[in-house]
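Heads up, the thing below is written out as structure tokens.
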Amino acid sequence: MFIINRKFVAKVRQFFIRDVVFICNFAFLFVNPRILEYMTFTALANSIFEQVIKAYHQTDDVDVLLRNPYPAGGIEADLYQKCWIDTVQWHLEDIIRDPHIDPAKALVIKRRIDRSNQDRTDLVETIDSFFYTKYHEVDVMEGATINTESPAWAVDRLSILALKIYHMREQVERKDATDEHRDVCGQKLAVLLQQQVDLSTAIDQLLADFEAGRKYMRVYKQMKMYNDPSTNPILYGKK
């Protein structure tokens, strides 16, 4: 009797989905060759995100200083810094969920996460400014539409997705976990990998639409009120 190894099936499914989606995307590009020009952006972003996550895990220390290998002011440096913020915050979120953590330490970390969220938001707006500068002079077609989110917020999700993939793969490869746990995580990893391809394709298509004038973008500041002492009633009420 032939016994199917569940772990093997999960692995096959993972790579099958990834390869099928890749082939579909390649076919799309063959029909739409202009998209190739913009596929390089998410390829660049994803490679930088992987670079960041690997660099962080050399020490796995939330207090290690950022050493950005890219020239300041370029989009590569912004992408690197963006993912570094996300990666450190990911691990701060892990630490603060320790049920035995000292409450005073937890409060310090919570305040640090708040500052990190503001830094993250500021950097997303910087990346959006890069896109706006690049596309704001494009002649917009009649009937052009606006997207539900700006491209930088989609890139923000792509950065978080890279972290999910890295840490889910860790679970798949855990030696101390059960086969059932690794199988379940393998199925989740396959979904995350497909999501990465889909989101990357959607971002590249959005940039192509900006270039062609089929869509236009606006940059909205997030205006986080809880960090502003003039709009948070707890803060201005204590003056």
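The values are calculated or read from the model by the stated rules, or taken from the named source; none is laboratory data. Note that the coordinates shown come from a computational prediction; the quantities given were computed from them, not determined experimentally. Using ideal geometry, Cβ is built from the backbone for each residue, glycine included, and neighbour counts are taken over all protein chains shown.
For segment 192-234, what are the residues that are within 30 Å of Glu170 (Cβ to Cβ) and of a type in the set (Gly, Ala, Ser)?
Ser200, Ala202, listed by residue number.
Sort out which residues of segment 114-138 are free of Cβ contacts under 8 Å to residues at least 12 places away in the same chain and hydroxyl-bearing (Ser, Thr, Tyr), and write them in order of number.
Thr133
Under 9 Å between Cβ atoms, at least 6 apart or on separate chains: pull out the pairs that start in segment 65-76 with a residue that is surrounded by fewer than 12 Cβ atoms within 10 Å (Cβ to Cβ) and end on any residue that is modelled with pLDDT of 95 or more and of a type in the set (Gly, Ala, Ser).
Arg67/Ala55; Pro69/Ala55; Pro69/Ala77; Pro71/Ala77
I need the helices (runs of 4 or more DSSP H) fully contained in segment 1-119, keeping only those with at least 3 residues that are under 27 Å from Asp209 (Cβ atoms), at pLDDT 50 or above and in contact with a helix residue (DSSP H, G or I) (Cβ under 7 Å, 6 or more places away or on another chain).
Once the helices (runs of 4 or more DSSP H) in segment 1-119 are filtered for at least 3 residues that are under 27 Å from Asp209 (Cβ atoms), at pLDDT 50 or above and in contact with a helix residue (DSSP H, G or I) (Cβ under 7 Å, 6 or more places away or on another chain), what remains is 36-56, 75-96.
Of all residues in segment 80-113, count the ones that are touching a residue at least 12 places away in the same chain (Cβ under 8 Å) and over 30 Å from Ala43 (Cβ atoms).
Number of matching residues: 6.
For Asn147, which of the numbered conditions (1) touching an Asp or Glu at 6+ places or on another chain (Cβ under 7 Å); (2) of a type outside the set (A, V, I, L, M); (3) farther than 24 Å from Asn227 by Cβ fails to hold?
The failed condition is (1).
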